[in-house]
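Worksheet: one structure, shown below.
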Amino acid sequence: MSTPPIKNQNQEVEKSNRMKYVLEKLSGRLFMLCALLSVVSLVLIIGFVFYKGFHPFVTQGYSFIDFLFGVDWVPSEDKFGIFPMIVASVFATIGALIIGVPIALFTAIFLAEIAPKSLAKIVSPAVQLLAGIPSVLYGVFGLAVIVPFLQNNLGLARGQSLLAVILVLAIMMLPTVVTVSETAIRAVPKAYREGSLALGVSKIGTIFKVVVPAAKSGIMTAVVLGMGRAIGETMAVILVAGNSLIIPSSLTDSVRPLTTNIALEMGYAAGTHQEMLFATGIVLFSFILLLNFVLAKISSKGGN
């Protein structure tokens, strides 16, 4: 006697369901493995850098305070002070924010609120394309265009200076800040704009009094991300900074930021010198960690 068709169908359905459950479990474990690999990679990198960086302070008696606030970096004489580099990194980042953020914000407002769609479709991809340019090309541009411009117009002997670093970093952070800010502005509900316009507020007034405040969380996120790009940049800065180990007293002084110091000396450093470069990386990592903490706080607040 043959098996009823309904029973065969039920068996096929059960088999299909079992396969789905197996695939779901395998997919879940695969995703978990990928997540664990990411976490393990982060832990290994942080652990290695902190182990190497703290080794001279724990085992050799070096003072971490002297390391942070010392002004002399002479590895051959066992002098390791990074305060001029910290000041240079902070000044360069702040200067880049002062110049880059207003330009990026106004560009984002123009693309999201004012520009015709035909023009926005051209300008927006062009701005995003800036993010794909290798950082060393920004440095080459700064060395070939910005540095000679500063030499000819400010009378600098070399042109490689804090001001050149600020200008290059301001250009480099534009795509990040523009893209994220534009997305945040476009996400503001249309009802906000319509309500403001209905009350008699002009279009520009609506943008700056209603739209921008409503998108402040996303805009602040863009600023923090741009700041992280600026403080962590290396190759472009090497070419235009001048790499002088002094505390900058003006925009025309040559500087050596933290990232530049690591990139320039890690290739030949050994022993305590190498460990102090890892310690410099700890300081840089602390800055990035602080920025991520600020970003997390901003994101948790949402639009409030």
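The residues of the stretch 69-90 that are more than 18 Å from VAL283 (Cβ to Cβ) and touching a residue at least 24 places away in the same chain (Cβ under 8 Å) amount to a single one, ASP78.
What are the residues in the stretch 243-266 that are in a helix (DSSP H, G or I) and either free of Cβ contacts under 8 Å to residues at least 24 places away in the same chain or not polar (S, T, N, Q) (or both), if any? Spell out how you get there, then give the answer.
We begin by selecting, within the stretch 243-266, every residue in a helix (DSSP H, G or I); these are 258-265.
Correct list: LEU258, ILE262, ALA263, LEU264, GLU265.
Within the option set GLY53, GLY95, being out of contact with any strand residue (DSSP E or B) (no Cβ under 9 Å at 6 or more places or on another chain), surrounded by 13 or more Cβ atoms within 10 Å (Cβ to Cβ), under 26 Å from SER286 (Cα atoms) and modelled with pLDDT under 90 holds for one residue only, GLY53. Of all residues in the stretch 120-134, exactly one satisfies the criterion of being surrounded by 18 or more Cβ atoms within 10 Å (Cβ to Cβ) and closer than 30 Å to THR260 by Cα, namely VAL127.
Listed here are the residues, each with its yes/no results for (1) out of contact with any Leu (no Cβ under 6 Å at 6 or more places or on another chain); (2) over 23 Å from ILE98 (Cβ atoms); (3) charged (D, E, K, R).
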position	(1), (2), (3)
PHE141	yes, no, no
PHE149	yes, no, no
GLN160	yes, no, no
LEU163	no, no, no
LEU167	yes, no, no
THR176	no, no, no
GLY200	yes, yes, no
SER217	yes, no, no
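Annotation note: Cβ proximity below 6 Å between a residue of the stretch 91-111 that is outside any helix (DSSP H, G or I) and a residue that is surrounded by 20 or more Cβ atoms within 10 Å (Cβ to Cβ) and at pLDDT below 90 (sequence gap 6+ or interchain) occurs for no pair.
If you go through the stretch 189-216, how many residues are charged (D, E, K, R) and farther than 22 Å from VAL177 by Cα? Before you say what the answer is, go through the steps one by one.
First pass over the stretch 189-216, keeping only residues charged (D, E, K, R): 190, 193-194, 203, 209, 216.
Imposing the further condition that a residue be farther than 22 Å from VAL177 by Cα reduces the set to 190, 193-194, 203.
So the count comes out to 4.
For the stretch 20-43, the condition of being surrounded by 15 or more Cβ atoms within 10 Å (Cβ to Cβ) and more than 23 Å from ALA263 (Cβ to Cβ) holds for none of the residues.
Conditions (1) more than 22 Å from the chain's Cα centre (by Cα); (2) under 19 Å from VAL294 (Cβ atoms); (3) surrounded by 14 or more Cβ atoms within 10 Å (Cβ to Cβ); (4) at pLDDT 85 or above, marked per residue:
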{"site": "GLY142", "(1), (2), (3), (4)": "no, no, yes, yes"}
{"site": "ALA157", "(1), (2), (3), (4)": "yes, no, no, no"}
{"site": "PRO175", "(1), (2), (3), (4)": "no, no, yes, yes"}
{"site": "SER181", "(1), (2), (3), (4)": "no, yes, yes, yes"}
{"site": "ALA184", "(1), (2), (3), (4)": "no, yes, yes, yes"}
{"site": "ALA187", "(1), (2), (3), (4)": "yes, no, no, yes"}
{"site": "THR206", "(1), (2), (3), (4)": "yes, no, yes, yes"}
{"site": "ALA215", "(1), (2), (3), (4)": "no, yes, yes, yes"}
{"site": "MET227", "(1), (2), (3), (4)": "no, yes, yes, yes"}
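Among the residues here, PHE141 does not qualify as in the same structural domain as ILE219 (by TED's automatic domain parsing), under 24 Å from PRO189 (Cβ atoms) and either touching a strand residue (DSSP E or B) at 6+ places or on another chain (Cβ under 7 Å) or not basic (Lys, Arg) (or both).
The single condition among (1) exposed (fewer than 12 other Cβ atoms within 10 Å of the Cβ); (2) at pLDDT 90 or above; (3) not β-branched (Val, Ile, Thr) that LYS117 does not satisfy is (2). Where residues in the stretch 67-78 are surrounded by 13 or more Cβ atoms within 10 Å (Cβ to Cβ) and either among the β-branched types (Val, Ile, Thr) or out of contact with any Lys or Arg (no Cβ under 9 Å at 6 or more places or on another chain) (or both), which of them is farthest from LEU289 (Cα to Cα)? For the stretch 67-78, the residue satisfying everything is PRO75.
The values are calculated or read from the model by the stated rules, or taken from the named source; none is laboratory data. All of these numbers come straight from a predicted model, not from anything done at the bench. With ideal geometry, Cβ positions are generated from the backbone for all residues, glycine too; neighbour counts draw on all protein chains shown.
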